[in-house]
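The values are calculated or read from the model by the stated rules, or taken from the named source; none is laboratory data. Since this is a predicted model, take the numbers as computed values, not measurements. Note: ideal-geometry Cβ built from the backbone for every residue, glycine included; neighbour counts use all protein chains shown.
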Amino acid sequence: MHSRPFLAVFLAWAAAFGILFWGLGSVPLTDVDEGAFAEATREMLARRDFISPWLLDAPRFDKPVLIHWAQMLGFALLGESAWGARLPSAIAGLFWLAAIAAWAVSVLEKFGRVQQEEHRVAVYVWTLLIGATSLGIMVIARAATADALLNAWLAWALLFLYRAIWPADEKVRRRHVRFAALCVGLGLLTKGPVAVLVPSASLGLAAVFMGARERRYIARMLVDPWAWVILVGVSMPWYGLQFHAQGYAFIEGFFGQHNLGRFTDTMHGFSAGFWYYPLWIMVALLPWAPLVLRTVLGTITSLQLRSLPCRLALANFIFVMVFFSFSATKLPHYVFYGLSGLLVLMGITMGQTMSRGVSYRTLFDQRLFMVIALGGLATLPLWIGEVPLSIKSSYYMTVVADWRSVVQARALWFFIPIGLAALLVALLPIRAALALGSVCFIVGLQALVIGPGIGSFRGSIVEAAQVIRERQLAVASWRMYSPSLSFEAGQVIAAGEPTPGATMVLYFKDQPSLERRYQELHGHDAVLEVLWEKTGVRIVAIR
């Protein structure tokens, strides 16, 4: 593969593009996050307010504004749809992968010896391919949220900071520092203080284990006046305008509740022990779990992975793992802020191994794991119905039953292409086997499992929104927080009380509570007319 470097790079980028963009808008938006971001952008456009995000006619202080501006461009290109909402994240995913691959090659070039072109291509291609075919990155870069965009800014900031530590000359160093400041400023506009925390803490931790010359360069970065001008000039105007528009509610909501509050208090029910993120990484980087273990072990045993050029990548991974493990709120995507550093080390490990030529046994663990993963996916229709579930909600039981039936109806799509891929991974030379296996696993998982699962889970919400839009119904919701419903319907559907003449959308399981509430408010039983229902979702009119 590497005797034709341009072909190898082209194929890796083609795989990445296909993984992130294929069927991007064919799956309904999920709640809470995707629906909230898309609906907030739609409401900003409806209000012609390009400063303050709004959600269900209330100010939304969760995130800054840049992702909403990006989604506005997506809507202008592709309409107010899942395609338009997700387009910025998919593009950001490509830029994120580009930064990680470039960082890995930059690290390789600092190992103190002349690297052959074959080595550089191997590291670049495998870093790119591993990132593109990792489950977590695929999911986050196909989601209409701010996380892919933030991770792209973080990766580019860390790449520029890395290059500034070992500059070709002073002019080059200053340029890299200022590009890093630009990325941090854009990160501040994307998700807030974490865009400053992660690069600065990673750089500080790496500096502890670097030499005096490198620490001098790092100190110079902090006092570069133009870097500060760029960072402040890019990010602070919006913060000032948002404070002017929303006052101290913005300070309390954004900085207090959604930044400091998430670290000190549990939010959204996401709390776990100290081992949550190490275990979650193994899932997020499927099907590359053996390579994760090989790389982590290599940071202890390998002089190369412990060398000076690798320390910023290692510091990025360690800081994020440790810092967010102490957070009271442990959302899955927090650990992604440190995955860029880990992927750099994984790409170097794999690229260097492949460029030296490997035998069947060298990466036996990775090949075997990939065969098992593909085999499990290929036979999913046979055993998915046997997995015991402890779901109390009748709505979710209905959704899961629908998803299982979809999976079993597509059994041949599992057995033939995925099963054939498992066989080829077992028999092909190692380079082709791992490349083919990773792409087939992630595409098969998305197309045959994740996509149909989201379709089963969200399909009834989309159809309910279409009914509301087509019949031009004025609707309130009852015990249903679903911003994507508002987005698909093209109107704000807020929570409301049951009153005579009202039209309500709700889960079927919550209809008894609606009737009880009506009795409490009005002293007599409600007469409900079912206007539409599907998969546990109803639209009812109170007569």
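Just a few scattered comments:
- Wholly within the range 181-248, helices (runs of 4 or more DSSP H) carrying at least 3 residues that are in the same structural domain as residue 337 (by TED's automatic domain parsing) and under 23 Å from residue 62 (Cα atoms): 194-208, 225-246
- Condition met for residue 514 (over 13 Å from residue 467 (Cα atoms) and in a helix (DSSP H, G or I)): yes
- Answer residue from the range 20-59, given it is acidic (Asp, Glu) and modelled with pLDDT of 95 or more and is nearest to the chain's Cα centre (by Cα) among those: 34
- Residue 521 passes every criterion in (1) surrounded by fewer than 20 Cβ atoms within 10 Å (Cβ to Cβ); (2) in a helix (DSSP H, G or I); (3) in contact (Cβ under 8 Å) with a residue 60 or more places away in the chain apart from (3).
- Hits in the range 103-129 - residues which are surrounded by fewer than 19 Cβ atoms within 10 Å (Cβ to Cβ) and among the hydrophobic types (A, V, I, L, M, F, W, C): 111, 114
- From the list 41, 30, the one residue that fits, being among the hydroxyl-bearing types (Ser, Thr, Tyr), out of contact with any Cys (no Cβ under 6 Å at 6 or more places or on another chain), not assigned by TED's automatic domain parsing to the domain that holds residue 138 and not in a loop (DSSP other than H, G, I, E, B), is 41.
- Tally, over the range 314-372, of residues that are crowded, with 17+ Cβ neighbours inside 10 Å and free of Cβ contacts under 8 Å to residues at least 12 places away in the same chain: 1
- Just one residue in the set 484, 456 is crowded, with 23+ Cβ neighbours inside 10 Å, part of a helix (DSSP H, G or I) and either modelled with pLDDT under 95 or not β-branched (Val, Ile, Thr) (or both); that residue is 484.
- Among residues that are in the same structural domain as residue 286 (by TED's automatic domain parsing), farther than 30 Å from residue 483 by Cα, touching a residue at least 12 places away in the same chain (Cβ under 8 Å) and not aromatic (Phe, Trp, Tyr), residue 108 is included.
- Scanning the range 414-438 for residues that are in a helix (DSSP H, G or I) and surrounded by fewer than 20 Cβ atoms within 10 Å (Cβ to Cβ) yields 415, 416, 417, 419, 420, 423, 424, 426, 427, 431, 432, 436.
- Hits in the range 252-290 (condition: among the aliphatic types (A, V, I, L, M), modelled with pLDDT of 90 or more and loosely packed, with under 15 Cβ neighbours inside 10 Å): 279, 282, 283
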